[in-house]
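Accompanying notes for the structure given below.
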Amino acid sequence: MLLWPEAGIAAPISIVGATSDGTTTEFTVKMQVLVIMTLLGLLPMMMLMMTSFTRFVIILALLRQALGLQQGLPNRIVTGVALILTLLVMRPVGEQIWTQALVPYDQEQIGLQEALKLAEAPLSRFMLAQTHKGALAQISQLAGEGPVADPADHAFLVKLAAFVLSELKTAFQIGCMLFIPFLVIDLVVSSVLMAMGMMMLSPLVISLPLKLLLFVLVDGWTLTVHTLVTSIQVY
């Protein structure tokens with residue numbers, strides 16, 4: 001307000017929306033601030049649930065457990081890698097939300113209600129592209145919704161819940177595939193140690209270097225990142 005004195009004497013901002021009977025409703029600046037602050041407070045949860053972050057962080061956590069690197073790969077590293085990959089994958093969706101909703105709203109070309117609807121559209125398309133039909137039908141039945149001709153006609157909360165369930169299922173499927181090679185190494189090492197009578201020696205001491213060597217030889221991080229990014233369906 002010190003830099004722009006005219007901002008302090010500007011007229012109150014109102015957001016006009018049309019109702020079903022043709023009348024209009026106005027949201028005062030207090031309601032606008034309340035909605036925006038609520039969205040900012042829910043931003044971490046939205047980042048977790050409405051993006052591919054859940055899938056990435058679960059798969060990376062399962063990979064760390066399969067390698068046996070509980071202390072060698074801190075949680076911050078796992079979360080940071082998942083966050084970077086999420087930003088990479090979600091960049092097209094974020095650009096559409098920015099250009100179609102945030103920029104027109106910032107330029108006062110559209111109201112808050114219309115901006116939220118425009119921002120919801122690309123995000124809904126992304127979520128539906130990753131959602132299994134079975135999960136969507138189950139959540140729709142639990143929510144009491146009737147049959148719809150187009151999956152996009154479902155309520156946003158229904159699509160969000162089905163998307164989360166689908167992400168968990170996909171993350172466990174990919175994590176199981178990553179677990180199998182390292183599980184084979186653990187079984188072989190344990191069998192060899194048992195046959196040699198070295199029961200007092202922990203199999204992890206022998207299997208960990210072998211698993212790390214295998215992971216490095218096959219360029220495991222490149223394969224893992226490629227699997228994570230390509231597992232996202234392009235809508």
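The values are calculated or read from the model by the stated rules, or taken from the named source; none is laboratory data. Not measured: the values here are computed from a predicted model. As a convention, Cβ positions derive from the backbone with ideal geometry for all residues, glycine included, and neighbour counts pool all protein chains shown. Surface areas here come from the heavy atoms of the whole protein model, side chains and all, with no ligands, DNA or RNA. Shrake-Rupley method; radii C 1.70, N 1.55, O 1.52, S 1.80 Å.
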Cα long-axis angle, helix 75-89 against the chain (0 to 90 degrees, to the nearest 10) | 50 degrees
Would you kindly find the accessible area of T230, with a 1.4 Å probe and non-protein molecules such as ligands, DNA and RNA excluded, rounding to the nearest 10 Å²?
-> 80 Å²
For region 97-235, what is the largest minus smallest coordinate of the Cα atoms on each principal axis, given in angstrom and ordered from greatest to least?
-> 75, 37, 22
Solvent-accessible ranking of S202, S140, S191, largest area first, probe 1.4 Å | S191, S202, S140
Would you mind working out the accessible area per residue for region 173-227, using a 1.4 Å probe, and quoting it in Å²?
-> 69 Å²
Accessible-area composition of the chain, carbon plus sulfur, in percent [1.4 Å probe] = 70 percent
For region 180-197, in order, what is each residue's ³J(HN,Hα) by Karplus, 6.51 cos²θ - 1.76 cosθ + 1.60 with θ = phi - 60°, in whole Hz (x at glycine and Pro)?
-> 4, x, 6, 5, 4, 4, 4, 5, 5, 5, 5, 5, 5, 5, 5, 5, 7, x
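Taking only protein heavy atoms into account and a 1.4 Å probe, give the accessible area per residue of region 122-163 in Å².
Values: 2210 Å² over 42 residues.
With the other protein chains kept in place, region 122-163 gives 53 Å² per residue.
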All lysines inside 30 Å of K117 as judged from Cα atoms, apart from same-chain residues fewer than 8 positions distant = K30, K133, K159, K169
Angle in degrees between helix 133-142 and the longest Cα principal axis of the chain, rounded to the nearest 10 = 60 degrees
So what J values fall out for region 64-72 if you push phi through Karplus, 6.51 cos²θ - 1.76 cosθ + 1.60 with θ = phi - 60°, rounded to Hz, Gly and Pro as x?
-> 4, 5, 5, 6, x, 9, 5, 9, x
For region 53-124 the GluC sites (Glu not before Pro) that pass both the DSSP coil test and the at-most-14 other-Cβ-within-10 Å test are E108
Pairwise centroid distance, computed over Cα atoms, of region 144-167 with region 26-63, Å | 18 Å
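Give me the 1.4 Å probe accessible area per residue for region 48-102, excluding ligands and nucleic acids, in Å².
On the way: 2810 Å² over 55 residues.
With all protein chains present, region 48-102 gives 51 Å² per residue.
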H132, H226, ranked by accessible area, largest first (probe 1.4 Å) | H226, H132
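Would you please calculate the Kirkwood hydrodynamic radius of the chain over all C-alpha pairs and express it in Å, rounded to one decimal? Write down the numbers at each step before the final one.
On the way: mean 1/r = 0.0464 Å⁻¹.
Kirkwood hydrodynamic radius for the chain: 21.5 Å.
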